[in-house]
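Encoded as structure tokens, the structure appears first; notes follow it.
The values are calculated or read from the model by the stated rules, or taken from the named source; none is laboratory data. Keep in mind that this is a model prediction, so the values were computed, not measured. Backbone-built Cβ (ideal geometry, glycine too); neighbour counts: all protein chains shown. All accessible areas refer to the heavy atoms of the entire protein, side chains included, with ligands and DNA or RNA removed. Shrake-Rupley method; radii C 1.70, N 1.55, O 1.52, S 1.80 Å.
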Amino acid sequence: LGLLPEQIAVLGHSAGGHLVSLLSVGADVAATAPDCAAGDGNVPAAVIAAAAPQDLLALSWAPDVQSFIGAPVADASALYREASPLEHVDAGEPPFLLIHGDMDVYVPPSHAQRMRDALNDSGNDAEMMILRGGGHVLNPGTSAGTRHWEEYALDSQEAWMAVTDFLRRNFGARER
């Protein structure tokens, strides 16, 4: 297709943010995984992860996480760590933009904060945008037992401006 791997950025929200994060920092896992016999692929040139679970041990209570791992944490804590992007951060990772709502009741903003800190502490470039009043997708309503639909963390003008700026800074403006 004529694509240049060094010009590919990945973006994901929630589980997609987890996957793009793991894809980008998990080369150590891919190199030894039996289902990656063809070898590890190229690491993306930049990562945008919104509302992303970065530490699955911290979310081991969640049925979706337990289903993804295939076992409760008591039976598979090593798998929870292996599937956590936060556990794989080293020097030489691509630049990250982490976007998170401060009212996310499913994946706390601490996931983005801890990932940003781990990346920066390892000498990488990571920045974080906290969206005031932003949730995950479905959040508690104003009365007991009600829910309201929240904008995705990426569906705000503020977030898209940050994404555009992040991509411009990491890839530069190019003539068409």
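Quick notes on this structure:
- Single unsatisfied condition, Phe96 versus (1) within 19 Å of Val20 (Cβ to Cβ); (2) modelled with pLDDT under 95; (3) aromatic (Phe, Trp, Tyr): (2)
- Matching residues in the stretch 2-15 - criterion: being surrounded by 16 or more Cβ atoms within 10 Å (Cβ to Cβ) and either free of Cβ contacts under 8 Å to residues at least 12 places away in the same chain or among the β-branched types (Val, Ile, Thr) (or both): Val10
- Residue that is surrounded by the fewest Cβ atoms within 10 Å (Cβ to Cβ) [pool: residues in the stretch 40-93 that are part of a helix (DSSP H, G or I) and of a type in the set (S, T, N, Q)]: Ser67
- Filtered residue count, the stretch 102-117, keeping only those that are open to solvent by less than 60 Å² (accessible area, probe 1.4 Å) and within 13 Å of the chain's Cα centre (by Cα): 7
- Only one of Gly123, Gly135 that is modelled with pLDDT under 90 and part of a loop (DSSP other than H, G, I, E, B): Gly135
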